[in-house]
1. So E27 ticks every box in (1) in contact with an Asp or Glu (Cβ under 8 Å, 6 or more places away or on another chain); (2) of a type outside the set (K, R); (3) surrounded by fewer than 19 Cβ atoms within 10 Å (Cβ to Cβ) but one. Which box is left unticked?
2. Residue under question is K125, and the condition is that it be among the basic types (K, R), in a helix (DSSP H, G or I), closer than 27 Å to N75 by Cα and more than 16 Å from ligand 1 (Cβ to nearest atom); does it hold?
3. Against the definition (buried (at least 22 other Cβ atoms within 10 Å of the Cβ), in contact with a strand residue (DSSP E or B) (Cβ under 7 Å, 6 or more places away or on another chain) and touching a residue at least 24 places away in the same chain (Cβ under 8 Å)), how does I77 come out, yes or no?
4. Given the conditions (1) surrounded by fewer than 24 Cβ atoms within 10 Å (Cβ to Cβ); (2) of a type outside the set (A, V, I, L, M); (3) touching a Gly at 6+ places or on another chain (Cβ under 6 Å), which single one is not true for D224?
5. Every residue in the range 222-237 that is outside any helix (DSSP H, G or I) and either of a type outside the set (D, E) or more than 15 Å from A54 (Cα to Cα) (or both), please.
6. Tell me which of these F137 doesn't satisfy, since it passes every other one: (1) among the hydrophobic types (A, V, I, L, M, F, W, C); (2) without any contact (Cβ under 8 Å) to a residue 12 or more places away in the chain; (3) within 25 Å of E72 (Cβ to Cβ).
7. Please count how many residues of the range 255-313 are part of a loop (DSSP other than H, G, I, E, B), in the same structural domain as I400 (by TED's automatic domain parsing) and farther than 30 Å from K338 by Cα.
8. With the requirement that a residue be within 21 Å of I99 (Cα to Cα) and of a type in the set (V, I, T), what does the range 349-369 give you?
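The values are calculated or read from the model by the stated rules, or taken from the named source; none is laboratory data. If you're wondering where the values come from, they're calculated on a predicted model, not measured in any experiment. No Cβ is skipped: glycine too gets one built from the backbone with ideal geometry, and neighbour counts run over all protein chains shown.
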Amino acid sequence: MFSCVFREGNTYKNLVNGQWLESKSGERIKIYSPVDDSLVGEIQAQSKKDVDFAIDSAKKAQKAWAQTPISERANIIHKAARIMEKYEEEIADILMKEIAKSKSSAISEVKRTIDFIHFTAETAKRMTGETIYGDSFPGFDKTKISLVDRVPLGVILCISPFNYPVNLSASKIAPALVAGNSVVFKPPTQGSISAMYLGQIFCEAGIPAGVLNIITGKGSEIGDYLITHPEIDMINFTGSTEIGHRISNKAGMIPLLLELGGKDAAIVLEDCDLDETAQNIVKGAFNYSGQRCTAVKRVLVMEEIADELANKIVEQVEKLSVGKPEDDAQITPLISNKAADFVQELIDDAIEKGAKLLIGNKREKNYIWPTVFDNVTEDMRIAWEEPFGPVLPIIRVKNIEEAIEISNKSEYGLQGAVFTKNIDKAFAIAQKLEVGTVQINNKTERGPDHFPFLGVKASGLGTQGIRYSIEAMTRSKAIVINLDKDLQ
Ligand code: NAP
Ligand code: G3P
């Protein structure tokens, strides 16, 4: 039985082959809080040797894990979720410090993750294969039978982004494990400490040595080595489109699941409930200061109602509090000064090109006050680029066709929203939008987590969502029985 102690003071070690180890290089990375620059802790900067050891351990452990009955694997997964409850406050506290997530959002991320892990264990137990008889194809009869099962892929490399370091990590790790894969998990550097708790809870739950391994270190230093490693059987990545492209260019002939950036549009028709629409748009655009792939990142509104909608949006935005995560402010500091610089560039570009500033454009260090622009035009960067910050552009359109055209012109295709009381129109628009999901009369959002979640175009490859993630991290295996025709 290994000891499950993942930190000494505020230095965090990594779970590799069932033990909490320091990097062979002896190097560490200091993690500072985006809230006040205080030191949150130190993580290991792992070397290529550490990566080799982690992947080798994962490979060796996977076969026995795949042979473990699903009910036993599911029991460990359930146990991990129960153990996570014990750490709920501690993890939420680290999330507030490490990624400046507001208190209520941090708690909700942990609770959602606990539910996710339980649901994953239950789903896996209920998934079945299928039996296909030959006689449905011309020239064959019922003596030929294909028994189609799903089998694990092997070693899955899971890479997650900073904005949901716990939830978006668990939503890769739990389905991968329950399906019988082993995992090498690379958390975001800013977010590693929060994510490391997943190693701790799975360790306490009794995950066998080598089945879950963690590698920390800067993606720019060890990322390429990880994604091109010959013993990795699949990569499940969530993060920017830039790194997603890099992975798809470099990884070999292995399956990829990529959840990338977005530029989700809210299309607003004349007959919508304007109050509800404005509330949805503001929540959708400004939750976690806009640092969500599914944030509403542009509004395409019919000219006739644009003034009224803009006023209602501003009324809502005026109520948003700006401050510290522990005070549960709605707008908290962005993840870094660099991120705030980028958002400011987009704001400056919009102002220079004549957008009408309705509210905001105030900045102190990495705090950006919620900013709304009206009369945004297609020559402005904010019309197309993902700010990952609290800036919302309003683009006025003449008709539905123009709204669809502008929505589809984006390189991204994560989600879209349509606000209208006319379900026929909503449905017709939804069918034409080039996105993974269309929300009718609701902000764009991922949950509930058993729904399929996917991006098209530059927003991703493959589908997540509990059952879909399990399917994506397994493959079909067919065994064909050929019965004796004389006995039929
Ligand atoms: P990011 O910069 O792409 O980083 C994501 C992860 O990739 C991090 O763990 C990062 O490690 C790692 N990484 C960096 N370089 C790598 C390389 N060469 N090889 C392998 N891994 C590498 O994204 P982020 O800033 O954390 O997150 C924000 C982005 O994620 C936004 O674009 C957002 O839209 C997108 N996102 C998408 C979804 C979705 O489901 N569609 C959900 C959430 C976020 P380091 O931290 O060490 O650099
Ligand atoms: O940006 C991460 C993605 O998973 C969003 O989830 O619930 O904020 O839409 P949610």
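1. (1)
2. On the way: among the basic types (K, R): yes; in a helix (DSSP H, G or I): yes; closer than 27 Å to N75 by Cα: yes; more than 16 Å from ligand 1 (Cβ to nearest atom): yes.
It is true that K125 is among the basic types (K, R), in a helix (DSSP H, G or I), closer than 27 Å to N75 by Cα and more than 16 Å from ligand 1 (Cβ to nearest atom).
3. Numbers: buried (at least 22 other Cβ atoms within 10 Å of the Cβ): yes; in contact with a strand residue (DSSP E or B) (Cβ under 7 Å, 6 or more places away or on another chain): no; touching a residue at least 24 places away in the same chain (Cβ under 8 Å): yes.
In short, no.
4. Looking at each condition in turn, D224 falls short on (3).
5. To start, the set of residues in the range 222-237 that are outside any helix (DSSP H, G or I) comprises 228-237.
Residues satisfying the conditions are T228, H229, P230, I232, M234, I235, N236, F237.
6. Every listed condition holds for F137 apart from (3).
7. The number of residues fulfilling the criteria is 5.
8. I368
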